[in-house]
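Asker: My structure is below; once you've seen it, I'll send some questions.
Each reported figure results from applying straightforward, stated rules to the coordinates on display, with no laboratory input. What you see is a predicted model, and the numbers here were worked out from it, not measured in a lab. Cβ: placed from backbone, ideal geometry, glycine included. Neighbour counts: every protein chain shown.
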Amino acid sequence: MDFMLLLTVFVLAVFLGFEIITKVPPTLHTPLMSGSNAISGITVVGALVAAGTGEGFWVKLIGFVAIVLAMTNVVGGFLVSHRMLMMFRRKG
């Protein structure tokens, strides 16, 4: 694809993500985190496909780095979501 098209999509995604995150009330952050974890799961699948194609050293390396970063996001998001859900649990 054309570089300018990819850059335009990236800038619009950053702007849209920033606007959505800043407008969400704090009570809806947990469902939003769950949604972003699902999206990171899709990223993991894409990274596994990219790393498993065997198209060269750099593709495998970038796929591996993508797997590590996406899994870090998934695990971190899960831990934060779990901690936030524990805050709503009744004590007793």
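Asker: At 10 °C and 1.306 mPa s, grab the translational diffusion coefficient of the chain from Stokes-Einstein with a Kirkwood Rh over Cα pairs, rounded to a whole number in µm² per second.
Answerer: 103 µm²/s
Asker: Right, another one. What length, rounded to one decimal in nm, is gained on full extension from LYS23 through to ALA38, with 0.36 nm per residue of separation minus their alpha-carbon distance?
Answerer: Length gained between LYS23 and ALA38: 3.3 nm.
Asker: Label points 7 Å out from Cα along the Cβ direction at ALA50 and ARG90: separation in nm?
Answerer: Here the answer is 4.7 nm between the modelled labels.
Asker: Note the angle between two axes, namely the Cα long axis of helix 29-52 and the longest principal axis of the Cα atoms of the chain, as a number of degrees from 0 to 90, rounded to the nearest 10.
Answerer: For helix 29-52, the angle is close to 20 degrees.
Asker: Rounding to the nearest 10 and keeping the result within 0 to 90°, find how far the Cα-based axis of helix 3-23 lies from the longest principal axis of the chain.
Answerer: 0 degrees
Asker: A further question on this structure: Rank by packing, highest mean first: peptides 6-18, 64-76, with packing defined as the count of other Cβ atoms within 10 Å averaged across residues.
Answerer: Values: 6-18: 10.2, 64-76: 14.8.
Packing proxy ranking, top to bottom: 64-76, 6-18.
Asker: Tell me the label-point distance for the pair VAL75, VAL9, using the 7 Å Cα-to-Cβ offset, in nm and rounded to one decimal.
Answerer: Rounded to a tenth, the inter-label distance reads 3.0 nm.
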